[in-house]
Amino acid sequence: MRRCLVVDDSRVIRKVARRILEDMRFEIEEAGDGLEALQACRRQMPEAILLDWTMPVMSGIDFLKQLRQEPGGDKPTVVFCTTENDVERIAEALKAGADEYMMKPFDGDILHSKFAEAGLI
Amino acid sequence: MLNEAEFVLIAREVKARTGAVISREMSGAAAVRLQPLARREGFSSVPELIAAARIRPDGALFNAIADNLAQSETRFFRDKQNFEKLRTDILPAAMQKRGHERVRVWSAACATGQEPYSIAMIVDDMRNDGLNPAIEIIATDLSERLLDKARSGLYTQFEVQRGLPIRKLIAHFEKAGDLWRIGDRLRASVKFERHNLLHHPGQLGQFDVIVLAHVLTSFDMATRASVLQRAAEVLAPDGVILIGAGETLPEDCEGLTLDSGAVRKADAARRAA
């Protein structure tokens, strides 16, 4: 079963995403900020990362820049999932190495569509 | 929920106007979808709206009811494989055949426009690949209400996240308040017109590609066949009709063959084989 790391400081968002992604047959690990996510990736790189932008300790964009420099950090497919919806922010995320980008609020249909776009399903 | 008499009346009037079949299971959903129309028209309930439609001689209320029940479910790049085929195979082949003439594409039953704009994005991709595609896109729907939205090129955040890759969103759209507006160049590349698929499409001219996806299933079998036959009559001899993923040719479709979602005239398919 493929693994997806869900990174968001909101427990509610993590729970909603977990429920949808488990239905899509992903094994889920959760992290509450970028630093926790980095530590999780150093233990075992997931196939997919669903990533919030604004979080305490380490933001999503800082995590992503760091991840892409880690050994094997080019492998995970990263889908941003954030309330940031300016074109400039989206372009910044793609430049930093995001594969897809999802704007909150989202539902199962959108998450499914974005994971399909990213080649994860 | 509509009562039996209301359901029978609405189903008959909608079928007469659009060909769409409303099943009894859809009765509850139809009542919900008619509530905003009832309010706009000054009625306190959907049954009142239907009662007024029954006695209004010009049929305008039934027209509005049919419009509001028109199929509007769509998304960008629905049936991704159809768009891949268009880009890599169907459009380049049509361009080669046409030479200096424009290739003509018809997006039939385009609803709120996601399908023809997806085709326009494919054409833009081909341009970026160094091709010089001269392609005219005509998009039609029965509903002026849906066409107005399509022409506006304005979509909600939910709509632009269904099927549209993020790189295409930032390449072709701009923010317009809480909405996203498709760029002027792409918007201008699609011509929207009202057309009822129950009528012959002859006035639209001849097409090299017709996209008739996810609409035939809303008709009964006889109407499916006649809509497809009429579309075939405005299809160029080597043209292609694309239907939706999982859709099949209705019975009594003589002279047409289906292969991987692409419908061709049987004699053209034989020539190609």
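Just so you know, all these numbers are worked out from the coordinates, no wet-lab data involved. For clarity, every value in this text was computed on a predicted model and none was experimentally measured. Neighbour counts run over all protein chains shown; Cβ positions are idealised from the backbone, glycine included.
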Checklist entry - When you look at B:GLU193, is it more than 14 Å from chain A (Cβ to nearest Cβ) and among the charged types (D, E, K, R), yes or no? => result yes
Checklist entry - When B:ILE22 is evaluated against the numbered criteria (1) touching a Ser or Thr at 6+ places or on another chain (Cβ under 7 Å); (2) outside any helix (DSSP H, G or I), which criterion, by number, is the only one it fails? => result (1)
Item to check | Among residues of segment A:71-110, those that are within 11 Å of B:ILE166 (Cβ to Cβ), touching a residue at least 12 places away in the same chain (Cβ under 8 Å) and in contact with a Lys or Arg (Cβ under 7 Å, 6 or more places away or on another chain), counted | outcome: 3
Checklist outcome for this item: Considering segment B:191-220, residues that are touching a residue at least 40 places away in the same chain (Cβ under 8 Å), in contact with a helix residue (DSSP H, G or I) (Cβ under 9 Å, 6 or more places away or on another chain) and of a type in the set (Gly, Ala, Ser), and then whichever is surrounded by the most Cβ atoms within 10 Å (Cβ to Cβ), we arrive at B:ALA213
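Evaluate the following for A:ASP8: is it exposed (fewer than 14 other Cβ atoms within 10 Å of the Cβ) and under 21 Å from A:LYS114 (Cα atoms)? Steps first, answer last, please.
Working: exposed (fewer than 14 other Cβ atoms within 10 Å of the Cβ): no; under 21 Å from A:LYS114 (Cα atoms): yes.
Taking the combined requirement at face value, the residue does not satisfy it.
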Next on the checklist: Just the residues that are in contact with a Gly (Cβ under 9 Å, 6 or more places away or on another chain), surrounded by 18 or more Cβ atoms within 10 Å (Cβ to Cβ) and not in a strand (DSSP E or B), please, taken from segment B:227-255.
Outcome noted: B:VAL227, B:ALA232, B:VAL234, B:ILE243, B:GLU247
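Taking segment B:7-28 on its own, how many of its residues are under 25 Å from B:HIS195 (Cα atoms) and loosely packed, with under 14 Cβ neighbours inside 10 Å?
Residues of segment B:7-28 that are under 25 Å from B:HIS195 (Cα atoms), as a first pass: B:9-23, B:26.
Those left that are additionally loosely packed, with under 14 Cβ neighbours inside 10 Å: B:12, B:16, B:23.
Summing the residues that are under 25 Å from B:HIS195 (Cα atoms) and loosely packed, with under 14 Cβ neighbours inside 10 Å in segment B:7-28 gives 3.
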Checklist entry - Does segment B:1-49 hold any residues that are closer than 25 Å to B:ASP141 by Cα and hydroxyl-bearing (Ser, Thr, Tyr), and which are they? => result B:THR18, B:SER23, B:SER27
Checklist outcome for this item: Note on B:ILE138: of the conditions (1) in contact with a Ser or Thr (Cβ under 9 Å, 6 or more places away or on another chain); (2) more than 20 Å from B:ALA213 (Cα to Cα), unmet is (2)
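Could you tell me whether A:ALA48 is surrounded by 19 or more Cβ atoms within 10 Å (Cβ to Cβ) and in contact with a Ser or Thr (Cβ under 7 Å, 6 or more places away or on another chain)?
So A:ALA48 fits the description; yes.
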Next on the checklist: When you scan segment A:31-49, do you find a residue that is in a loop (DSSP other than H, G, I, E, B) and among the basic types (Lys, Arg), even just one?
Outcome noted: no
Next on the checklist: With the requirement that a residue be more than 8 Å from chain B (Cβ to nearest Cβ), in a loop (DSSP other than H, G, I, E, B) and out of contact with any Phe, Trp or Tyr (no Cβ under 8 Å at 6 or more places or on another chain), what does segment A:73-106 give you?
Outcome noted: A:GLY73, A:ASP74, A:LYS75, A:PRO76, A:ALA96, A:GLY97, A:ASP99, A:LYS104, A:PRO105
Next on the checklist: Can you pull out every residue in segment B:165-190 that is surrounded by 13 or more Cβ atoms within 10 Å (Cβ to Cβ), of a type outside the set (A, V, I, L, M) and more than 14 Å from chain A (Cβ to nearest Cβ)?
Outcome noted: B:ARG187, B:SER189
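Under the condition of being without any contact (Cβ under 8 Å) to a residue 60 or more places away in the chain and over 12 Å from A:MET103 (Cα atoms), which residue from segment B:150-164 is nearest to the other protein chains (Cβ to nearest Cβ)?
Within segment B:150-164, the subset without any contact (Cβ under 8 Å) to a residue 60 or more places away in the chain is B:150-158, B:161.
The next check asks that each one be over 12 Å from A:MET103 (Cα atoms); those that pass are B:150-155.
Details: B:ALA150: 20, B:ARG151: 23, B:SER152: 19, B:GLY153: 16, B:LEU154: 15, B:TYR155: 12 Å.
Only one residue fits best here, namely B:TYR155.
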Checklist entry - Given (1) more than 13 Å from the chain's Cα centre (by Cα); (2) within 30 Å of B:ARG264 (Cβ to Cβ); (3) of a type outside the set (Ser, Thr, Tyr), where does B:ILE182 come up short, assuming only one miss? => result (2)
Checklist outcome for this item: Selection over segment B:26-80 where residues are over 24 Å from the mean Cα position of the chain (by Cα) and among the aliphatic types (A, V, I, L, M) yields a count of 8
